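Have a look at the structure below before the remarks.
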Amino acid sequence: MVFEDAELDQTVKELTRSALNMASQICVAAARFLIQDSIVQDLKTRITEAFRNVRTGPGSDPASQMGAVIDTANQQRLMRLIEQAADEGDLILTDGPLERGAFLTPTLFRIDDVRSALVQEELFEPIVSVETFGDEAEAVEKAKATHYGLAASVLSQNLSRATRWHARFAPAPSGRIRISASSPKARPVASASRVWARSTGPRGSTTSWRQSTSNTKPGWSDA
């Protein structure tokens, strides 16, 4: 969830890393970018360029930044999802697979229908949706539109807004909400976990009963 007062240079770095780490084959990978209307064009341009510059290739190549998907069968499944994204939304960026191996370059698509399976199901690959919202109420409505999720992030320089959004988001289908940080490696300005009834996805269902107190620290660190 990216609000209009987010620091965009840092936001682009965080979203790129959190979405494409391990070729998105990680349970807390960012799969949906919900962006406030007033900054969507600017941020979309920046994130598209960042995704385009990610070097996809084998781990044996020191220049590679993102590796392969699990196998070629899954690569073909993802190509069908990209075709579906083109039918149901607008493709922003896709260069498809590499000539050899189970590699797939990052894909971004714009979609408005939260009922789409592309939004409702966990894709678990480097295919990310761009969605928009106008105000905090719509942000909450769209963020809570899915029945799965292990993590969510709020990017805003206004801590009062971010914590207010966090409070409105609960209870929600996310086990952890991070404020001003989306990557597992980033140290958030504030982080809080609450008790959630469930976190579900197509690979199975889990139930989490976790409670921890909020932790607030000034500044940002990639440590």
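The values are calculated or read from the model by the stated rules, or taken from the named source; none is laboratory data. Bear in mind the structure is a predicted one, so any value in this text is a computation, not a measurement. Don't worry about glycine lacking a Cβ; one is built from the backbone with ideal geometry, like all the others, and counts go over all protein chains shown.
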Checklist entry - For segment 114-140, how many residues meet the condition of being among the aliphatic types (A, V, I, L, M) and part of a helix (DSSP H, G or I)? => result 6
Next on the checklist: Let me confirm something: among Pro106, Pro97, which residue is buried (at least 21 other Cβ atoms within 10 Å of the Cβ) and in contact (Cβ under 8 Å) with a residue 12 or more places away in the chain?
Outcome noted: Pro106
Checklist entry - crowded, with 16+ Cβ neighbours inside 10 Å, part of a strand (DSSP E or B), modelled with pLDDT under 90 and of a type in the set (A, V, I, L, M): does that describe Ala152? => result yes
Checklist outcome for this item: Considering residues that are farther than 18 Å from Ile127 by Cβ and either not aliphatic (A, V, I, L, M) or not in a helix (DSSP H, G or I) (or both), the number found within segment 38-48 is 5
Next on the checklist: If I filter segment 98-119 for residues that are under 13 Å from the mean Cα position of the chain (by Cα), at pLDDT below 90 and under 15 Å from Leu20 (Cα atoms), do I get at least one hit?
Outcome noted: no
Checklist entry - Any idea which residue in segment 69-88 is nearest to Asp113 (Cα to Cα), counting only those that are among the hydrophobic types (A, V, I, L, M, F, W, C) and part of a helix (DSSP H, G or I)? => result Ala85
